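A.B. asks: Before I ask anything, here is the structure I am working with.
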């Protein structure tokens with residue numbers, strides 16, 4: 001199933017619990033758990049290493065959309 005950019009953006013703002021325009025490691029882990037994905041910490045770390053392109057320690061909106069589009073091809 002292919003999702004739209006709008007859906008990815010909506011999910012980003014849901015995952016960004018502290019509303020600082022970036023998703024931290026703990027927010028990503030909580031978001032995935034909330035959506036019944038039950039990730040282990042190694043998976044979350046791997047996602048961060050792959051998609052936090054600028055090394056900021058946060059996944060910003062563009063990085064999130066890139067991640068989501070790859071995960072939900």
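What follows is calculated from the coordinates using simple rules that are stated; it is not laboratory data. In this text, all values refer to a predicted model and were calculated from it rather than measured experimentally. Virtual Cβ from ideal backbone geometry, glycine too; neighbours counted across all protein chains shown.
A.B. asks: Which residue, 14, 24, 60, has the most motion in a Gaussian network model of the chain that connects Cα atoms within less than 10 Å?
C.D. replies: The residue that fluctuates most here is 14.
A.B. asks: Here's something else I'd like to know. How far apart, in nm, are two points set 7 Å out from the Cα along the Cα-to-Cβ line at residue 25 and at residue 71?
C.D. replies: Roughly 1.7 nm, to one decimal.
A.B. asks: Hey, another quick one. For the chain, what is the calculated [θ] at 222 nm in deg cm²/dmol (nearest 500), taking -39500 (n - 2.57) for each run of four or more DSSP H residues and dividing by its residue count?
C.D. replies: Values: 4 runs with 43 residues, N = 73.
Roughly -17500 deg cm²/dmol at 222 nm, from the helical runs in the chain.
A.B. asks: How far apart, in nanometres, would the label points at residue 32 and residue 14 be if each is projected 7 angstrom from Cα along the Cα-to-Cβ direction?
C.D. replies: 1.7 nm
A.B. asks: How far is it, in nm, from the label point at residue 3 to the one at residue 41 when both lie 7 Å from their Cα along the line to the Cβ?
C.D. replies: 2.6 nm
A.B. asks: State the volume of the convex hull built on the alpha-carbon positions of the range 5-71, expressed per residue in Å³ and rounded to an integer. Before the final figure, lay out the partial values.
C.D. replies: Numbers: hull volume 5.2 nm³, N = 67.
Roughly 78 Å³ of hull volume per residue.
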